[in-house]
Amino acid sequence: MRTFFISILTGALLIFSGSASTAEFPQVRVETTAGAFVVQLDDERAPLSVANFLQYVESGYYVDTIFHRVVSGFVIQGGGFSADLVSREARPSIPNESGNGLTNRRMTIAMARTANPHSADAQFYINLADNTGLDPKATRWGYAVFGEVVSGQEIIDDIGHRATSPKGSFQNLPAAPVIIERVTIEK
């Protein structure tokens, strides 16, 4: 009898673990003047952030925007400004999904925001290092991670090592613009 229950339990574990590992998360290919990278989006743990990002992708919003903030060893940030530093008009902000179990570790993508925890709209950043200081704490909101770079990490690192300089209100603007040329949903 014990062997029977162990067999049933083992079978159930195999079925459920197999279905979890085959879950298809959306992937988005981002082609820039520095090269291409692919992000895989976790729509199970960050459904609002992923839906928001995909709406911007589908509308073509990110095309011809730049990575306007590059802080070596920290983050690269983009999705809000054209190459001539004109702000793109974004849709209304979304609720903060930090605390979803995803952390700001190296090569994750997250929603950029202001000091207001629920102010994220179009801008995103990619972590160049483990930045757990951006994760939520008991006394404050964090920054919502919604996926990770699964291909082209060397492109992200290259962008992260670009020379920067201040210009107007931009403190870490790449000297040579990194422009997003094309963004497509792969699956």
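Here, each number is a calculation from the coordinates, and none is a lab measurement. Worth saying up front: this structure is predicted, and the values here are computed from it rather than measured. Every residue, glycine as well, gets a Cβ built from its backbone with ideal geometry; the counts of neighbours run over all protein chains shown.
Tabulated results
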item: Residues located in the stretch 42-86, provided they are farther than 19 Å from ALA175 by Cβ, assigned to a loop (DSSP other than H, G, I, E, B) and in contact with a Phe, Trp or Tyr (Cβ under 9 Å, 6 or more places away or on another chain); result: ASP42, ASP43, GLU44, ARG45, ALA46, TYR62
item: Residue count for the stretch 61-83, restricted to those that are small (Gly, Ala, Ser), in contact (Cβ under 8 Å) with a residue 24 or more places away in the chain and more than 20 Å from GLN153 (Cβ to Cβ); result: 2
item: Number of the exception - GLY101 against (1) farther than 19 Å from GLN153 by Cα; (2) in contact with a Lys or Arg (Cβ under 7 Å, 6 or more places away or on another chain); (3) surrounded by 15 or more Cβ atoms within 10 Å (Cβ to Cβ); result: (3)
item: Subset of the stretch 135-187 that is in contact with a strand residue (DSSP E or B) (Cβ under 6 Å, 6 or more places away or on another chain) and of a type in the set (Asp, Glu) - its residue that is surrounded by the most Cβ atoms within 10 Å (Cβ to Cβ); result: GLU148
item: Selected residue (only one of PRO95, PRO117 is without any contact (Cβ under 8 Å) to a residue 60 or more places away in the chain, assigned to a loop (DSSP other than H, G, I, E, B), out of contact with any strand residue (DSSP E or B) (no Cβ under 6 Å at 6 or more places or on another chain) and surrounded by fewer than 15 Cβ atoms within 10 Å (Cβ to Cβ)); result: PRO95
item: Tally, over the stretch 144-162, of residues that are in a strand (DSSP E or B) and within 18 Å of THR33 (Cβ to Cβ); result: 2
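Rundown of residues vs (1) in contact with a Lys or Arg (Cβ under 7 Å, 6 or more places away or on another chain); (2) closer than 15 Å to PHE74 by Cα; (3) in contact (Cβ under 8 Å) with a residue 60 or more places away in the chain, yes/no style:
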| site | (1), (2), (3) |
| --- | --- |
| ARG91 | no, no, no |
| ARG106 | no, yes, no |
| GLY168 | no, no, yes |
| THR184 | yes, no, yes |
